[in-house]
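Before any comments, here is the structure.
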Amino acid sequence: MSMPDELILEVKDLKMYFPITRGLLKKKVAYVKAVDGVTFKIKRGETLGLVGESGCGKTTVGRCIVRLYKPTSGQILFNGKDISSLPENKMRSYRKNFALIFQDPYSSLDPRQSAGNIVGEPLKIHNLVKSKKDYQERVEKLFQSVGLDPSLMSRYPHEFSGGQRQRMGIARALSCEPSLIICDEPVSALDVSIQAQIINLLQDLKEGSLGLSYLFISHDLSVVKHFSDRVAVMYLGRIVEITTPKKLYNNPLHPYTKALLSAIPVPDPDIEETRKRIIMKGDVPSPVNPPSGCALHTRCPIAIPECKELVPLLRDVGGGHEVACIRVK
């Protein structure tokens, strides 16, 4: 039996650069620095929320971990084993240990396959069933575990609602009994009432006998607050702050985190009226040509000349609260 504080995933200085090519000979002229030196850890049974605005590299991090992308550099340690540069034939045996829940339940399911085949396919790929009867029983159990009626197994994706399709996606992710699930904006395409159901389902699965760990990628800070044990804030390919949701929401330290949190509406109109909004000047720089030093210095309200030269590293400022900013003491 593994210790609860044991690390299941450790990402060290992960970089993912996509080449930009021109001309008939596809000459490389530049790179999109989607992920530019990301480091974090996830303990067994923990949920780490990864937040940031669109285009900051959150999804790319998730896809690198499951090796849909082969990272440019850095390490991805899964249960202590570096999988970042494993050849594809050796990755296959690892793939059943982690799963990815996609953002869009409409495009992530094969419209030509029945619901039962979609959920059960990983069982066949990884040879986890001995007979047709065993396969049928496992798929029925998976349907029940996500609140779907097994009698729907012969139906096709277009016959399901968005919430039901996302439940199918979760059932498929659970089929190989993974220990780590990467949730890539799993509720952003759903109605608010359905979002709550899916979040509760993921929470129940985590608290059940499966002992799951999650990397929960989202741009919705209020969802992350309720679902995560720790939260990592990402800006332009780098993590700028990591701590518990309570510390992050009550005492954000990084200027970018403060600006993000100030944008969340508060239900109380009196508080909302008196609250100070922090508006970042200018637009988010291009990941093709990010600013030197701290990537935020072109928009930061507290930037000093040194911010243009120094790349701030994540450091613990007390109580496990990590921040990447030279202005934070």
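The values are calculated or read from the model by the stated rules, or taken from the named source; none is laboratory data. Because the structure is predicted, anything quoted here is derived from the model rather than measured. Cβ coordinates were reconstructed from backbone atoms using ideal geometry, including for glycine residues, and neighbour counts include every protein chain displayed.
Among the conditions (1) among the aliphatic types (A, V, I, L, M); (2) modelled with pLDDT of 90 or more; (3) more than 13 Å from the chain's Cα centre (by Cα); (4) not in a strand (DSSP E or B), the only one that Met3 does not satisfy is (2). Starting from residues that are surrounded by 22 or more Cβ atoms within 10 Å (Cβ to Cβ) and of a type in the set (Ser, Thr, Tyr), keep the ones in segment 214-247 and report whichever is nearest to Gly318 (Cα to Cα). For segment 214-247, the residue satisfying everything is Thr243. Within segment 253-287, the set of residues being in a loop (DSSP other than H, G, I, E, B), surrounded by fewer than 16 Cβ atoms within 10 Å (Cβ to Cβ) and either modelled with pLDDT of 90 or more or acidic (Asp, Glu) (or both) comprises Asp268, Asp283.
Taking segment 133-149 on its own, how many of its residues are assigned to a helix (DSSP H, G or I) and either within 12 Å of Asn117 (Cα to Cα) or under 25 Å from the mean Cα position of the chain (by Cα) (or both)?
Here is the first cut: in segment 133-149, the residues assigned to a helix (DSSP H, G or I) are 133-145.
Next, from what is left, pick out any that are either within 12 Å of Asn117 (Cα to Cα) or under 25 Å from the mean Cα position of the chain (by Cα) (or both): 135-136, 138-140, 142-143, 145.
Within segment 133-149, residues that are assigned to a helix (DSSP H, G or I) and either within 12 Å of Asn117 (Cα to Cα) or under 25 Å from the mean Cα position of the chain (by Cα) (or both) number 8.
The set of residues in segment 178-219 being part of a loop (DSSP other than H, G, I, E, B) and in contact (Cβ under 8 Å) with a residue 60 or more places away in the chain consists of Pro178, Ser179, Glu185, Pro186, Ser188, Ala189, Leu190, Gly211, Leu212, His219. Scanning segment 129-174 for residues that are without any contact (Cβ under 8 Å) to a residue 40 or more places away in the chain and among the basic types (Lys, Arg) yields a total of 6. Give segment 221-240 a look and list any residue that's aliphatic (A, V, I, L, M) and within 12 Å of Thr47 (Cβ to Cβ), or say none. Listed by number, the residues that qualify are Val223, Val224, Val231, Ala232. Any chance segment 294-301 includes a residue that's in the same structural domain as Phe40 (by TED's automatic domain parsing), assigned to a loop (DSSP other than H, G, I, E, B) and buried (at least 21 other Cβ atoms within 10 Å of the Cβ)? No, segment 294-301 contains no residue that is in the same structural domain as Phe40 (by TED's automatic domain parsing), assigned to a loop (DSSP other than H, G, I, E, B) and buried (at least 21 other Cβ atoms within 10 Å of the Cβ).
Only strands (runs of 3 or more DSSP E) wholly contained in segment 27-114 count here; list those with 3 or more residues that are out of contact with any helix residue (DSSP H, G or I) (no Cβ under 9 Å at 6 or more places or on another chain) and within 18 Å of Asp13 (Cα to Cα).
27-43, 73-78
Against the criterion of being more than 18 Å from the chain's Cα centre (by Cα), surrounded by fewer than 20 Cβ atoms within 10 Å (Cβ to Cβ) and at pLDDT 90 or above, Asp191 does not qualify.
To keep it simple, each residue is scored yes or no on (1) assigned by TED's automatic domain parsing to the domain that holds Lys258; (2) buried (at least 18 other Cβ atoms within 10 Å of the Cβ).
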{"residue": "Ala30", "(1), (2)": "yes, no"}
{"residue": "Ala34", "(1), (2)": "yes, yes"}
{"residue": "Cys56", "(1), (2)": "yes, yes"}
{"residue": "Gly62", "(1), (2)": "yes, yes"}
{"residue": "Ile65", "(1), (2)": "yes, yes"}
{"residue": "Asp82", "(1), (2)": "yes, no"}
{"residue": "Phe102", "(1), (2)": "no, yes"}
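Condition check for Asn250 on (1) surrounded by fewer than 16 Cβ atoms within 10 Å (Cβ to Cβ); (2) among the polar types (S, T, N, Q); (3) in contact with a Lys or Arg (Cβ under 7 Å, 6 or more places away or on another chain): one failure, at (3). Selection of segment 238-265 for residues being closer than 18 Å to Val311 by Cα and without any contact (Cβ under 8 Å) to a residue 40 or more places away in the chain yields only Thr257.
Among the residues of segment 311-323 satisfying the criterion of being surrounded by 14 or more Cβ atoms within 10 Å (Cβ to Cβ) and out of contact with any His (no Cβ under 7 Å at 6 or more places or on another chain), which is farthest from Ala34 (Cα to Cα)? Steps first, answer last, please.
From segment 311-323, those surrounded by 14 or more Cβ atoms within 10 Å (Cβ to Cβ) are 311-312, 314, 317, 321-323; that's our starting set.
Applying the additional criterion that residues be out of contact with any His (no Cβ under 7 Å at 6 or more places or on another chain) yields 311-312, 314, 317, 321-322.
Details: Val311: 17, Pro312: 18, Leu314: 18, Val317: 27, His321: 25, Glu322: 22 Å.
So the residue we want is Val317.
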